[in-house]
Amino acid sequence: MMQKPKLCIICDQRLTSSRCAAGFQFCNSPACEVALRQHLHSNFPCCGACGRLLKGTVLRSAEVRVCGRPECQTYASQFRAPSTAVCQVCGIVLAPQFGHRLSTLCCSPFCQSWHTTNTRASRASEKSLQREQRRQALTDLALTESLSAQPAVHQLDPPKVAVLPYFEAKLISPSKERLRRVEALLLGMATEAQAIHFATVLSNERSQDPDQHAEPQSNLRQTETKSEKLDQILGAACGTCGGLCCRPGGDTGFLNVAKFSEMMLQQPRSSPHEMVLQYMHLVPSETVEDSCVFHGRTGCVLKRTQRTVTCNNYMCSSLQRLRDDAAEGQSHYLLAATNLRDEDEIHVYRINHCK
C-alpha cells in the first residue's frame, strides 16, 4: 500500500514529522488550508492516492479519482470503484479496517473537523426547516379557527398571522420569605450602586463620564425611538403570549447595579433603602408562579422607565418577525399563542386581533 505523502498536497513543501504523525496532508501555512477549503467548497475531488487537488468539471463522487502521476495511477488500479471506501471529505482511499466498522473518514484532523462542522450545519438547517414547517402549520390553524369564530374580521382587512409561544400563567401570592429575599437582593444592588456613585463624585469622574456605571443612555431614550404603534403591537403580542420570556426574571426582575446607578443619578438624595422600597411597593399581591416577581395578572407591573434594558429591548424570534412586518407597513395582526416550541400536536391556545 502506498505510503502517506510527505509533501504538502498544495505547495509541495515537505511536511514536518509532527504534521505527518497527526495525519495532516498539507503544511501549516494558512494559505494552503484556505486553498483546500475553497477547493472542497467548490465540490471538486482530490486524488484518491496522494490527496492532491483535482480541478476541472468533474464533481466529487464515491469513485476513486486520481491525478496523472504514474504511481497514483498504479495505486488506483488495485481498487474497484465504487466498492472501494474513500474519505467523505477529501476522497482519499481508506485503508481496510479488519474487525472494525468501516470508517467513512480518513485520519486527517482537517477532514474530521470539516465533517463535524458540516454535519452540525446540516442538522441545524434541517431543524430550522422543521420549525418553519411547524410555524406555517400553526399559521394555517390559527387562520382557520379565527375565520370560524370571527369571519367578518377577515373580510375587509385580512390580518397577518403572528405565531407566538404560549405561557400558562398560574397566580399565587408571594410568600413573606420571597419578599424578604427580593428586598435583600435589591438592597445589595442599590448599596453597591451608591458606593460607585460616591466614588465617582469624589474622584470627579462624574463630570468626565457621568454614565460610566449607569445603564446605556437610556431605557427611556432607546424605547422612545420606537413608534407608539409598534409598542402597542408588541405589547399586545406579549400579552397574548402570557410572558414566557419573563420567567427568568425570578426574584430580581432583571434589575441590576447599573439600573440603581442610573436611579442614583436621577435621585441623588435617595438612600438605597428608599430606592428599593419604590420597587417593593410595586410587587403585586398575586404574581405568576415560577416567574418574575413583577409578573402580575395583567403582565409586567413596572413602567418602561423602571425596567432594565433587558426587559425593554429583548425580543423573542416571534417578536422580531412581528417588528419586521410592522416596519413594512402591516397594521392588522392576528396574534396566536401556540405550542410553537413543543413537539406535540399543534395547538392554538389564544387568539387576539390587533389593529
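The values are calculated or read from the model by the stated rules, or taken from the named source; none is laboratory data. All values reported here derive from a predicted model rather than from experimental measurement. Heads up, the Cβs are rebuilt from the backbone with ideal geometry, glycines too, and the neighbour counts pull from every protein chain shown. Just so you know, the surface numbers come from the protein's heavy atoms only, side chains and all, with ligands and any DNA or RNA stripped out. Shrake-Rupley method; radii C 1.70, N 1.55, O 1.52, S 1.80 Å.
Would you mention how many residues in segment 298-326 are more than 27 Å from K170 (Cα to Cα) and in contact (Cβ under 8 Å) with a residue 40 or more places away in the chain?
Initial filter on segment 298-326 (more than 27 Å from K170 (Cα to Cα)): 321, 323-326.
From what is left, the residues that are in contact (Cβ under 8 Å) with a residue 40 or more places away in the chain are 321, 323, 325-326.
Of the residues in that region, 4 qualify.
Matching residues to (1) surrounded by fewer than 19 Cβ atoms within 10 Å (Cβ to Cβ); (2) modelled with pLDDT of 75 or more:
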site: P45; (1), (2): no, yes
site: G56; (1), (2): yes, no
site: A81; (1), (2): yes, no
site: V89; (1), (2): no, yes
site: L94; (1), (2): yes, yes
site: C106; (1), (2): no, yes
site: C111; (1), (2): no, yes
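Contact map, segment 335-355: residues that are closer than 10 Å to R134 by Cβ paired with residues that are open to solvent by 70 Å² or more (accessible area, probe 1.4 Å) and not acidic (D, E), Cβ distance under 7 Å, separation 6+ or inter-chain. Pairs shown: T338/H347; T338/Y349; N339/H347.
For residues that are open to solvent by 70 Å² or more (accessible area, probe 1.4 Å) and out of contact with any Leu (no Cβ under 9 Å at 6 or more places or on another chain), scanning just segment 126-137, find the one that is nearest to A337 (Cα to Cα). Top of the filtered list is Q136. A count restricted to segment 20-43 and to residues that are open to solvent by 40 Å² or more (accessible area, probe 1.4 Å) and either under 18 Å from Q88 (Cα atoms) or part of a helix (DSSP H, G or I) (or both) stands at 12. Here H347 clears all of (1) under 24 Å from L138 (Cα atoms); (2) surrounded by 16 or more Cβ atoms within 10 Å (Cβ to Cβ) except the condition numbered (2). Being assigned to a helix (DSSP H, G or I) and either modelled with pLDDT of 90 or more or charged (D, E, K, R) (or both) holds for only one residue in R181, R206, and it is R181.
Checked against (1) surrounded by fewer than 18 Cβ atoms within 10 Å (Cβ to Cβ); (2) in a helix (DSSP H, G or I); (3) modelled with pLDDT of 90 or more, P174 passes all but condition (2). Filtering Q194, Q155, Q130 for residues that are at pLDDT below 90 and not aromatic (F, W, Y) leaves a single hit, Q155.
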